[in-house]
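Dropping a structure here in structure tokens format, bear with me for questions.
Since every read-out is calculated from the coordinates, none of them should be taken as a lab result. All of these numbers come straight from a predicted model, not from anything done at the bench. Counting neighbours? That spans all protein chains shown, and the Cβs are built from the backbone with ideal geometry, glycine included.
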Amino acid sequence: MYQERTFLQKISLFLNGLIMGSANKIPGVSGGMVAFVMGFYEELIFTFQRINRTAFKLLFNGRFKSFLKYTNMQFLLLVMLGSMFSYFSISLVLNYFIKNYELYVWGWFFGMIIGSIYYIAKDFNNWNSKNLIALFVGMSVGIAISFLTPAKENDNLWFVFLCGIIGVSGMTLPGLSGSFILILLGNYVLLLVDSVNVFGNVVSQLFMGNTAVLKDAVKVRYLKVMGVFTLGSVFGLVSISHFLGYLLKKYNEIVIAIIIGFISGSLGNVWPWKKTIFKTEGTSFLLDKKGNKVIENYQRFIPDFGSKETWFVTGFILTGILLILGIDYYGKKRRE
């Protein structure tokens, strides 16, 4: 699995991780889908599989070079560093655009997912009965998830650890949005907004020499929450990847068919024309502990094609499709 990479290939991996990390933070979009489209999904899964007993034996015996090669650590570090960096860079930019140009952003993502379905399905020709059933199962689960009702926020550390395991699934399962799952679990704002912002603030304060920030009980609590969430994510990445790696080896076509179905079903999550429905009690909105309105679900509607805005969104959808087709074309040219 280990391979020497040129400087440009290393930069490319870091940028791929950057895009994947940004996608993981956006409800309805899957980082695993980005990995699939960019062509490094299987290497990612099998690399996580290498974090096992053999790897730890090499590490504890002091065979560091063998450990780095066996675990494909260069690949893993570049992708993970890009993914982590995105939380404090690209994803902040995306948050701005989602807040100010939400309809256009969702249109762009919707187009990218349509393009991704084509990208994955175009070379899949064995549509026998088993694979069609797998496609239907994947699609049904994807659609069902989009209609679930979110829970309330819960900062219990055991539950946060579980959120880490489940939320990281977006990196390993194309079509399953880890961020959307965190919305359903009620902890999206806590784990991917508030904790990340507090962590960034604490790091900047420490860099400026202000160690008093570590005595702030509220900030320390957020740091604990983020630390436990990270541990859950690491545990989830390794455990889920081992399971997925086994399935990809033994039931490759069925797994791919389920992934195609799952991504197709997830289109409902990113349908651009939707209104957010907030939970209410009587005539007032229900709020979480921080005063944010609690999301109940989304109301989807058919757009007005007599509106200029609808045609602008349609243009963004086409742009998203063309972007994926362009990546596919570039990939083909690079392999020739």
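Please tell me which of these pairs span more than 28 angstrom C-alpha to C-alpha: K275/K308; K130/K249; K224/K274; K10/K250; K99/K122?
Values: K275/K308 19 Å; K130/K249 17 Å; K224/K274 35 Å; K10/K250 31 Å; K99/K122 35 Å.
Distance filter (> 28 Å) returns K224/K274; K10/K250; K99/K122.
Let me ask something additional. Arrange L58, L244 by Cβ neighbour counts within 10 Å, fewest through most, would you? Don't skip to the answer; put the middle values down first.
Values: L58 18, L244 22.
Listed from fewest to most nearby Cβ atoms, that is L58, L244.
At 0.36 nm per residue, and after removing the present C-alpha to C-alpha distance, how many nm does the segment from Q9 to L214 gain when stretched out fully?
Working: separation 205, 0.36 × 205 = 73.80 nm, distance 3.93 nm.
Additional length available on full extension: 69.9 nm.
Want the number for F312 to S204: 0.36 nm per residue separation, take away the alpha-carbon distance, what's left?
34.9 nm
Also: Once fully extended, how much extra length lies between F136 and F124, figured as 0.36 nm per residue of separation less the alpha-carbon to alpha-carbon distance? Before the final figure, lay out each step's value.
On the way: separation 12, 0.36 × 12 = 4.32 nm, distance 1.53 nm.
Length gained between F136 and F124: 2.8 nm.
How far apart, in nm, are the 7 Å Cα→Cβ label points at K250 and N156?
For K250 paired with N156, the spin-label model returns 3.4 nm.
Here's something else I'd like to know. For labels at N52 and L323 in the simple 7 Å Cα→Cβ model, what's the distance in nm?
3.6 nm
Listed highest first by mean packing, meaning other Cβ atoms within 10 Å per residue, what order do 121-133, 39-51, 312-324 come in?
Result, highest mean first: 39-51, 312-324, 121-133.
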